[in-house]
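The values are calculated or read from the model by the stated rules, or taken from the named source; none is laboratory data. Note that the structure is predicted; figures quoted are calculated from it, not measured. Every residue, glycine among them, receives a Cβ derived from its backbone with ideal geometry; neighbour counts consider all protein chains shown. When the accessible area is computed, the model is the full protein with side chains, heavy atoms only, and any ligands, DNA or RNA have been set aside. Shrake-Rupley method; radii C 1.70, N 1.55, O 1.52, S 1.80 Å.
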Amino acid sequence: MSEKSKDPGTGVKYRRKTKRIINKDGSFNVKKIVPYSYSDGYISLINMGWIKFLSFTLAVILIINIIFASLYMMAGAETIGHTMGGSWIDAFLSCLYFSFQSFTTVGYGAMHPSGHLSSVISSFETVLGWGLFAIITGLLYGRFSRPSARIRFSHKALFVRDDKGNRSLQLRIANQRKNMLVNLNAVVMLKLIDHTEEGFTRNYHQLPLRLNHIHFFPLNWTLVHDIDESSPLYNFNLDDLKMKDVELLVLITGFDDTFSQDVHTRFSYVHEDLIWDAKFRHPFYTDDQGDIIFPMHWLDEYESIEDQRSHVPN
């Protein structure tokens, strides 16, 4: 049997049972309680998803303009030239339109401040608009210029049995982007939990792979761990792994040829993601012109060894 590995940085002893270490999106199940820092806000905005980032940015701009529109209303809507007459709503909307013109420094000319107070407010809003758009531009540049790997992992990890009865653990990865990744390295760790009187203890084992390094990555890469007498998975079945709260931790590192920088990504599989006695289907084919065609969704297709029925996970 293989020896236990050292703690990879995710802790060993816990009083209570914990969730999976790595989520499906690659984030860790750790909530840090630390004093807030402005740099933390910058990092959060850089790492935030695009939809959430754009929604947050538009919300901030809208809230700021509503605040300034209210200030113009307090100063008197009549101090804004060429405002719409009529109801209070018309006056507020006119102030809001003027606020956006001042904030973005567009200045169409039709609407303009005609009082000292409204002029001071619009001057301050213009300076604030310059600063905020400079920050937004910097964030956009940081998000676009930061290299990141977008590697797709197969939805399931399979326990494969060959014709000779030998078993192996297999999972597949592929690059979802059209850029070229080179010199990839893979590390797969096995986490098993022992329940003691003191609580729960995580035991880690680094799984040897048939191939843990490749030079080029234009297609898929199947990571294979042979389950022999030296493997920590030897003589385990799915029920045993469920009792041990198994989790496979996968770390992929490589070199992004587009940005000329190192990139990495991580993923994990828990008991529900493991399939017994199955094998992956071939993920690509050659067309009549000799080109290799790789439909990305084929990465997840597998078939049961027992009944040869095909499975295509959602």
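Observations on the model:
- Subset of region 141-185 that is of a type in the set (Phe, Trp, Tyr) and surrounded by fewer than 19 Cβ atoms within 10 Å (Cβ to Cβ) - its residue that is modelled with the highest pLDDT: Tyr141
- Counting only strands (runs of 3 or more DSSP E) that sit completely within region 224-314, those holding 1 or more residues that are free of Cβ contacts under 8 Å to residues at least 40 places away in the same chain, under 25 Å from Lys24 (Cα atoms) and open to solvent by less than 70 Å² (accessible area, probe 1.4 Å) correspond to 302-304.
- Verdict on Gly129 being closer than 28 Å to Met48 by Cβ, without any contact (Cβ under 8 Å) to a residue 60 or more places away in the chain and open to solvent by less than 40 Å² (accessible area, probe 1.4 Å): yes
- Among the residues of region 269-314, those identified as of a type in the set (Lys, Arg) and at pLDDT 90 or above are Lys279, Arg281.
- Test: residue in region 89-99 that is part of a loop (DSSP other than H, G, I, E, B), acidic (Asp, Glu), free of Cβ contacts under 8 Å to residues at least 40 places away in the same chain and open to solvent by 20 Å² or more (accessible area, probe 1.4 Å): no
- Positions within region 78-88 being part of a helix (DSSP H, G or I) and either touching a strand residue (DSSP E or B) at 6+ places or on another chain (Cβ under 7 Å) or crowded, with 21+ Cβ neighbours inside 10 Å (or both), in sequence order: Thr79
- Residues being part of a helix (DSSP H, G or I) and either more than 16 Å from Glu125 (Cα to Cα) or of a type in the set (S, T, N, Q) (or both) - total across region 100-109: 2
- Residues in region 110-126 that are open to solvent by 60 Å² or more (accessible area, probe 1.4 Å) and either closer than 14 Å to Leu96 by Cα or part of a helix (DSSP H, G or I) (or both): His112, His116, Leu117, Val120, Ser123, Phe124.
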